[in-house]
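The values are calculated or read from the model by the stated rules, or taken from the named source; none is laboratory data. Remember, predicted model here, so these are calculated numbers, not experimental data. Cβ atoms come from the backbone with ideal geometry, glycine included; neighbour counts cover every protein chain shown. Heads up: the accessible areas ignore ligands, DNA and RNA and are worked out on the full protein's heavy atoms, side chains in. Shrake-Rupley method; radii C 1.70, N 1.55, O 1.52, S 1.80 Å.
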Amino acid sequence: MRVAVLGAGAIGAYVGAAMHRGGTEVHLVARKAHLEAMREHGVRVLSPRGDFTAHPHVTDDPAEIGPVDFVFLGLKAHSYPSSGPLLEPLLGPDTALVAAQNGIPWWYFHGLTGHPLEGHRVETVDPDGETSRVMAVERAIGCVVYCSTVIEEPGVIRHLEGTRFSLGEPAGGVSPRCVALSEAMVEGGLKAPVEPNLRDDIWVKLMGNVAFNPLSALTRATMAQMCEHDDTRELVATMMTETLAIARAAGADPQVSVEKRIDGAWRVGHHKTSMLQDLEAGKPLEIDAIIGAVVELAELTGVPAPALRHVHAAIGLLNRTATAVPVG
């Protein structure tokens with residue numbers, strides 16, 4: 001098995017290092033100081049489960065790698081449409097794309113047999129089909145990440161918690177390619193269950209992301225602070241309730257209560273969401289897949305979602321003003 005990690009940041013480098021440790025041929029595609037550090041010293045993983053160093057091949061040129069069996073996408077979803085030049089050299093006839101993204105994936109309605117929206121393109125995450133032209137939905141394997149990592153310094157990954165990467169086919173069931181990938185990930189010390197209905201997992205995680213990520217950026221608050229503030233906790237609960245209704249209208253049936261989901265977030269403690277970290281780093285915010293697509297699905301399915309709409313409007317404006325170039 002040959003695996004390429006396109007976008008070997010905190011999550012991508014961690015997965016690549018783990019799979020390489022387990023015996024898989026791994027190639028990391030990275031940039032700048034992080035690339036140079038991994039080339040010189042390998043990927044150093046600092047983890048409560050035990051530190052280790054792995055030495056997969058590292059490059060900034062996918063043409064050095066050639067076609068692989070799996071491409072693990074460590075990019076943010078808004079980078080997918082522009083990733084064609086990097087992705088193309090890695091694709092063979094049967095290459096699968098493992099989309100380890102937050103939020104609603106571009107393939108969401110692909111393979112959703114019997115649903116009125118089967119095959120529908122989600123405009124927010126696949127604008128004018130730009131993503132699906134680069135990443136054919138037939139290649140997609142879904143991946144829901146329950147893992148927290150940060151780049152402590154170039155080439156050094158701090159693994160904070162979680163090793164679970166749930167895998168699944170858009171059409172459901174348990175495929176040989178998902179089983180093969182799962183086995184390779186498990187050999188590297190990761191948890192990689194193959195879920196016959198991965199959309200349920202997508203929505204369980206998204207219930208947290210859709211509320212906590214934008215609200216954390218708007219308020220600069222940690223997970224615990226948002227849960228402990230009564231008014232914000234009530235808003236989170238409202239957004240989660242709306243999200244559950246949209247999920248069920250969109251062909252999924254996540255089995256989790258709102259209170260259980262909020263309590264789980266509170267136990268994470270004073271953790272900054274990825275969206276707040278991106279805001280503080282001056283990076284564009286990952287809005288479309290996390291909340292924009294959920295609002296789009298509310299419109300498609302006729303589910304009222306006023307809280308989600310209002311927060312989406314506010315975080316969209318923040319993204320514009322925070323990344324705007326000052327005038328004068």
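A few notes on this one:
- Residue tally, condition open to solvent by 40 Å² or more (accessible area, probe 1.4 Å) and touching a strand residue (DSSP E or B) at 6+ places or on another chain (Cβ under 8 Å), over the range 77-115: 3
- Residue within the range 60-71 that is within 22 Å of the chain's Cα centre (by Cα), modelled with pLDDT under 95 and part of a loop (DSSP other than H, G, I, E, B) present: no
- Filter result (farther than 30 Å from R261 by Cβ and in contact (Cβ under 8 Å) with a residue 40 or more places away in the chain) within the range 134-148: V134, R139
- A221 in a loop (DSSP other than H, G, I, E, B) and over 16 Å from Y108 (Cα atoms): yes
- Yes/no for L117 being over 20 Å from the mean Cα position of the chain (by Cα), under 23 Å from Y80 (Cβ atoms) and of a type in the set (A, V, I, L, M, F, W, C): yes
- For the range 276-300, the candidate set comprises residues that are open to solvent by 30 Å² or more (accessible area, probe 1.4 Å) and over 11 Å from N213 (Cβ atoms); within that set, the residue that is nearest to the chain's Cα centre (by Cα) is D288.
- Residue check for R44: open to solvent by 40 Å² or more (accessible area, probe 1.4 Å) and assigned to a strand (DSSP E or B): yes
- Among the residues of the range 28-50, the one identified as within 25 Å of S182 (Cβ to Cβ) and without any contact (Cβ under 8 Å) to a residue 24 or more places away in the chain is G50.
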